[in-house]
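What follows is a structure written as structure tokens; I'll ask about it next.
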Amino acid sequence: MLDDIRVDDAVFELRPDFAVLIMTAHGLRNGPTDDRSRAWLAEAATQEVQTTKIDAWKDAYRAFGAKPQRTRPSVDALTRRMPLPEINQVVDAYNTISVKHALPIGGEDLDRYEGPARLVRATGDEASEEALGTPEPGEVIWRDDVGVTCRRWNWRQVVRTRLTEETTNAIFLLERLEPMSLEELKQAGEELTDLLSELSPQVRIASSLLTGGK
């Protein structure tokens with residue numbers, strides 16, 4: 001599956017510094033928030049907010065016509081929620097890494113995908129869940145063969161692919177803009193791997209980095 005995931009050239013034309021580290025995790029054991037994942041969130045909440053990284057995402061939103069004060073980049077919205085929300089162990093893990101590195105991360109149930117994920121600029125007629133509304137032409141969206149999986153780059157994900165306590169196979173999208181370095185992006189991926197492996201010692205993780213339209 002990793003080989004089929006793509007980012008359209010139009011997205012790289014909008015932000016040539018964009019890169020995404022894609023991780024798949026097979027054999028997860030998820031469950032409700034526990035003392036371990038709660039401690040991860042509490043530690044992440046003590047980190048100083050890295051505003052320059054978040055500002056880069058606000059600029060990216062403005063570039064395709066979104067208003068980041070109204071529909072905030074995911075990491076901006078997350079860092080404004082203190083204490084950090086408790087969802088489930090796997091979501092707590094990637095939210096921990098997201099806040100620590102000021103890095104938007106999406107996590108979704110791989111078994112609920114229809115076809116590969118791809119990041120595109122919307123035509124405006126993509127199928128989307130009612131609560132999210134229809135994407136606007138030119139908006140950056142993640143989608144699969146069915147329709148939208150995440151609107152406005154990383155603003156909000158659909159319910160269809162949401163990670164639940166029953167999820168066993170997942171995909172994680174770690175999205176980078178400058179000033180974050182590619183080295184820090186890879187480090188964040190390694191840290192997420194460590195947390196997922198702590199939750200599920202038998203998990204099988206694979207990754208792929210997409211950058212520069214490749």
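The values are calculated or read from the model by the stated rules, or taken from the named source; none is laboratory data. Every value quoted in this text rests on a predicted model; they were computed, and no experiment measured them. With ideal geometry, Cβ positions are generated from the backbone for all residues, glycine too; neighbour counts draw on all protein chains shown.
A quick yes/no check of all residues on (1) out of contact with any strand residue (DSSP E or B) (no Cβ under 8 Å at 6 or more places or on another chain); (2) β-branched (Val, Ile, Thr); (3) closer than 19 Å to Leu2 by Cα:
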{"residue": "Asp109", "(1), (2), (3)": "no, no, yes"}
{"residue": "Gly124", "(1), (2), (3)": "yes, no, no"}
{"residue": "Thr134", "(1), (2), (3)": "yes, yes, no"}
{"residue": "Met180", "(1), (2), (3)": "yes, no, no"}
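Also, quick follow-up: Would segment 31-44 turn up any residue that is out of contact with any Gly (no Cβ under 6 Å at 6 or more places or on another chain), within 21 Å of Leu195 (Cα to Cα) and of a type in the set (Ser, Thr, Tyr)?
So far as segment 31-44 goes, yes, one or more of its residues are out of contact with any Gly (no Cβ under 6 Å at 6 or more places or on another chain), within 21 Å of Leu195 (Cα to Cα) and of a type in the set (Ser, Thr, Tyr).
Here is a follow-up. Is there any pair with a first residue in segment 11-26 that is part of a helix (DSSP H, G or I) and a second that is surrounded by 20 or more Cβ atoms within 10 Å (Cβ to Cβ) whose Cβ atoms are under 8 Å apart and which are 6 or more apart or on different chains, and what are they?
Val11/Phe18; Val11/Leu119; Val11/Val140; Phe12/Phe18; Leu14/Ala60; Leu14/Phe64; Leu14/Val140
If I ask for residues that are hydrophobic (A, V, I, L, M, F, W, C) and out of contact with any Pro (no Cβ under 8 Å at 6 or more places or on another chain), which ones from segment 25-59 would you list?
Ala25, Leu28, Ala39, Trp40, Ala44, Val49, listed by residue number.
Okay, moving on. Identify, from the list Thr161, Thr123, Thr167, the residue that is of a type in the set (S, T, N, Q) and either under 18 Å from Ala206 (Cα atoms) or within 12 Å of the chain's Cα centre (by Cα) (or both).
From the options Thr161, Thr123, Thr167, the qualifying one is Thr167.
Any chance you could count how many residues in segment 36-49 are in contact with a helix residue (DSSP H, G or I) (Cβ under 8 Å, 6 or more places away or on another chain) and either of a type outside the set (A, V, I, L, M) or free of Cβ contacts under 8 Å to residues at least 40 places away in the same chain (or both)?
6
For Ala66, indicate whether it is farther than 28 Å from Asn169 by Cα and buried (at least 16 other Cβ atoms within 10 Å of the Cβ).
yes
Can you pull out every residue in segment 86-128 that is part of a loop (DSSP other than H, G, I, E, B) and either under 15 Å from Gln187 (Cα atoms) or among the small types (Gly, Ala, Ser) (or both)?
Passing the criteria: Ala102, Leu103, Pro104, Gly115, Ala117, Ala122, Gly124, Ala127, Ser128.
A further question follows. Is it the case that Thr33 is of a type outside the set (Gly, Ala, Ser), in a loop (DSSP other than H, G, I, E, B), free of Cβ contacts under 8 Å to residues at least 12 places away in the same chain and more than 27 Å from Arg121 (Cβ to Cβ)?
Considered against the rule, which asks whether it is of a type outside the set (Gly, Ala, Ser), in a loop (DSSP other than H, G, I, E, B), free of Cβ contacts under 8 Å to residues at least 12 places away in the same chain and more than 27 Å from Arg121 (Cβ to Cβ), Thr33 comes out as no.
Of all residues in segment 78-87, how many are within 16 Å of the chain's Cα centre (by Cα) and either basic (Lys, Arg) or within 15 Å of Thr52 (Cα to Cα) (or both)?
1
Scan segment 108-133 and report the pairs whose first residue is over 13 Å from Thr161 (Cβ atoms) and whose second residue is aromatic (Phe, Trp, Tyr) and part of a strand (DSSP E or B), with Cβ atoms within less than 7 Å and a gap of 6+ or a chain change.
Short answer, once both residue conditions are applied: Leu119/Trp142.
Do any residues in segment 168-193 that are among the aliphatic types (A, V, I, L, M) have Cβ atoms under 7 Å from those of residues that are surrounded by fewer than 16 Cβ atoms within 10 Å (Cβ to Cβ), where the two are at least six apart or on different chains, and which pairs are they?
Leu177/Asp17
Right, next: Only one residue in Asp35, Asp8, Asp55 is under 30 Å from Tyr113 (Cα atoms) and either at pLDDT 95 or above or within 18 Å of the chain's Cα centre (by Cα) (or both), so which one is that?
Asp8
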